[in-house]
Amino acid sequence: MRTLTVEQKEQLANHIAKKPIKYIELYNELYDHYASSYENGEETFEEIIAELDEHFQYQKVKTINANLLKKTKKSVNEIYWSEFKNSWRWPQILTTLGFLSLGFFIIEYLPIKVVMWSVVIPMLVFNAGIFLYGLYLSRRKEFGSKKFKSAHLDASQFYLSYTTSIFNLAILLPVIAGDPDTSGIHFFEQVPLIVLFFMIVFFTSSIIGLKVFKSKIRVQYL
């Protein structure tokens, strides 16, 4: 079986990068398709590229690219809801109930200042870390002569940003629903179950969101 030379790999990388591709997943699949066709075929490198270019014409690649994010989002949604349902099934439900009990104990019996420093602020740092990690990954998708987005990152970013919205709502809730003359800490002390609810939703959605983010999604794009 033939293998691509270093020069051919560079030439192929730049050739694929010129196509109307937005996402790195499609770039990788096209690159592998071209490379394997050459390695398993008998035609010359130039003939393989010309033959496959006839099949993957500009408009066809545009259509594949447009459907890619839609397919990826569908897979991400399936993984998210599967993980959510599993958290309420045996034996995972024991872990879920354990977190609920721990959260109730923290909110009900620990001083609010301890909760803020040991739970709320670490969660804020954790959530900011997820966002920065996503930015870091998005800057690494450079192949050939072009930078690409990640369809998986874009599809799973919703669930990562979803946790931020929950956290912000929990923090702003005392301002929205409380008495202007009453402090936010007093609100948390008076209605611990509401705070507990937001903390549990935030925590579980963060964990599931991370699982989705790290999942190996296999979608056939071509």
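The values are calculated or read from the model by the stated rules, or taken from the named source; none is laboratory data. Please read all numbers here as calculations on a predicted model, not as lab measurements. Neighbour counts run over all protein chains shown; Cβ positions are idealised from the backbone, glycine included.
Brief remarks follow.
- Residue count, segment 35-74 (criterion: more than 24 Å from A155 (Cα to Cα), small (G, A, S) and surrounded by fewer than 16 Cβ atoms within 10 Å (Cβ to Cβ)): 4
- Verdict on D32 being under 13 Å from Y221 (Cα atoms) and either surrounded by 17 or more Cβ atoms within 10 Å (Cβ to Cβ) or not assigned by TED's automatic domain parsing to the domain that holds S150 (or both): yes
- Selection status of L100, under 21 Å from K149 (Cα atoms), part of a helix (DSSP H, G or I) and touching a residue at least 24 places away in the same chain (Cβ under 8 Å): no
- Screening E43 against (1) within 23 Å of the chain's Cα centre (by Cα); (2) outside any helix (DSSP H, G or I); (3) among the acidic types (D, E) leaves a single unmet condition, (1).
- Residues (touching a residue at least 60 places away in the same chain (Cβ under 8 Å) and not polar (S, T, N, Q)) located in segment 64-97: I64, L68, L69, K71, K73, V76, I79, Y80, E83, F84
- Among the residues making up segment 134-160, those that are over 10 Å from the mean Cα position of the chain (by Cα) and modelled with pLDDT under 70 are L135, Y136, L137, S138, R139, R140, K141, E142, F143, G144, S145.
- Applying a threshold of 6 Å to beta carbon distances and a minimum spacing of six or more residues, or different chains, the list of pairs starting in segment 1-16 at a residue that is at negative phi and ending at one that is assigned to a loop (DSSP other than H, G, I, E, B) reads A13/G144; N14/G144; N14/S145.
- Scanning segment 78-95 for residues that are in a helix (DSSP H, G or I), within 24 Å of the chain's Cα centre (by Cα) and loosely packed, with under 15 Cβ neighbours inside 10 Å gives E78, W81, S82, F84, K85, N86, Q92, T95.
- Of all residues in segment 39-63, those satisfying the criterion of being within 25 Å of K147 (Cβ to Cβ) and hydroxyl-bearing (S, T, Y) are Y58, T63.
- Residues located in segment 40-66, provided they are within 28 Å of K211 (Cβ to Cβ) and modelled with pLDDT of 90 or more: I64
- Leading residue by the ranking (modelled with the highest pLDDT) among those in segment 198-222 that are outside any helix (DSSP H, G or I) and closer than 14 Å to N77 by Cβ: S215
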